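The values are calculated or read from the model by the stated rules, or taken from the named source; none is laboratory data. On a predicted model such as this, the values are computed, not experimentally measured, just so you know. Virtual Cβ from ideal backbone geometry, glycine too; neighbours counted across all protein chains shown.
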Amino acid sequence: MQSHTADVDGIDMRWEETGSGEPVILLHGIPTGPALWRDVVPLIEGCRVLAWEMPGYGASIPEGKGRDISVAKQADYLVAWMRSQKIERAILAAHDLGGGVAQIVAVRHPEMVSGLLLTNAISYDSWPVPLVSAVAKTGSIAKHAPDGSFHQLLKMMFSKGHETNAAAEAAFDAHASHYNRHGEAEAFVRQAQSLNVEDTKAIASQLPTLNIPARIVWGAADEFQKVEYGERLAKDFGAPLRRIDGGLHFTPEDHPRILAEEINALISTVDAR
């Protein structure tokens, strides 16, 4: 994967890219970045794969200062970036907050979405999760927490969301460094305080009207995004649901092969259409 940056409407937008052909755009959530998909990307076949970084997250944390980084606004940023790269239509594969972004783009701009894969994604009224809500409410306190406490919070999130200690440690190593460089707890508080469940509730009734090929993949033991929401998404999209029994939240990191299989299957479906 090669790193790229482009000025889009005054925002330095970043993404990782590899391959050629029809575009597949990978979307992350909180507290991750494009590295979430690091083990999935090599297994995606015959496409141009772009892992986009939401402004205000990852290496782009500084772009979130003084800017709306809500999920609904991220959908606007994604569309603007796609247009800047002359991507007229793409498959969106999305996790966590990125799943909300993908749903909003699909509702607002269905002509730009050729296929949709959602894995342990926010939807309907499933979010923000209690831990993130607590950070948002106690923001001024959280920003001034003792040294090391924010690292413990991140480690707890990754531990609760991964099936093994090794996977949780690898995720911490992949994602925590961006917070270390860009404000630590202050950056996370800014992210948490941007979240508004109305962003997905506002478009929920329109999901069943979309005629977009979709696939749903869900870690069925996820404490953050319950499998019932995956079942509801599968019903609304008329999409197959692949349950990962015992799977937790960070499926692209715990089960990259399964995610790649489902993305490749979606690519085949889109190509057939």
So which of Ala168, Ala221 is crowded, with 18+ Cβ neighbours inside 10 Å, without any contact (Cβ under 8 Å) to a residue 60 or more places away in the chain and not aromatic (Phe, Trp, Tyr)?
-> Ala168
Could you check, for segment 42-51, whether at least one of its residues is of a type in the set (Gly, Ala, Ser), within 16 Å of the chain's Cα centre (by Cα) and under 21 Å from Leu266 (Cα atoms)?
-> yes
Subset of segment 111-159, residues at pLDDT below 90 and in contact with a strand residue (DSSP E or B) (Cβ under 6 Å, 6 or more places away or on another chain), comes to none
Out of all the residues in segment 7-34, which are within 22 Å of Ser194 (Cα to Cα) and buried (at least 20 other Cβ atoms within 10 Å of the Cβ)?
-> Met13, Arg14, Trp15, Leu26, Leu27, His28, Gly29, Ile30, Pro31, Thr32, Gly33, Pro34
Is at least one residue of segment 43-50 charged (D, E, K, R) and touching a Cys at 6+ places or on another chain (Cβ under 6 Å)?
-> no
State which residue is surrounded by the most Cβ atoms within 10 Å (Cβ to Cβ) when the search covers only segment 231-260 and only residues that are within 22 Å of Val129 (Cβ to Cβ) and charged (D, E, K, R).
-> Glu253
Within segment 186-200, identify whether any single residue is more than 16 Å from Val107 (Cα to Cα), touching a strand residue (DSSP E or B) at 6+ places or on another chain (Cβ under 7 Å) and of a type in the set (Gly, Ala, Ser), and answer yes or no.
-> no
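Where in segment 151-258 are there helices (runs of 4 or more DSSP H), lying wholly inside it, with at least 2 residues that are touching a helix residue (DSSP H, G or I) at 6+ places or on another chain (Cβ under 8 Å) and among the hydrophobic types (A, V, I, L, M, F, W, C)?
Those helices (runs of 4 or more DSSP H) span 165-181, 185-193, 227-237.
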Candidates Asp76, Asp39, Asp96, filtered to the one that is without any contact (Cβ under 8 Å) to a residue 12 or more places away in the chain and of a type outside the set (S, T, N, Q) | Asp76
Restricting attention to segment 9-53, the residues that are part of a strand (DSSP E or B) and in contact with a helix residue (DSSP H, G or I) (Cβ under 7 Å, 6 or more places away or on another chain) number exactly 13
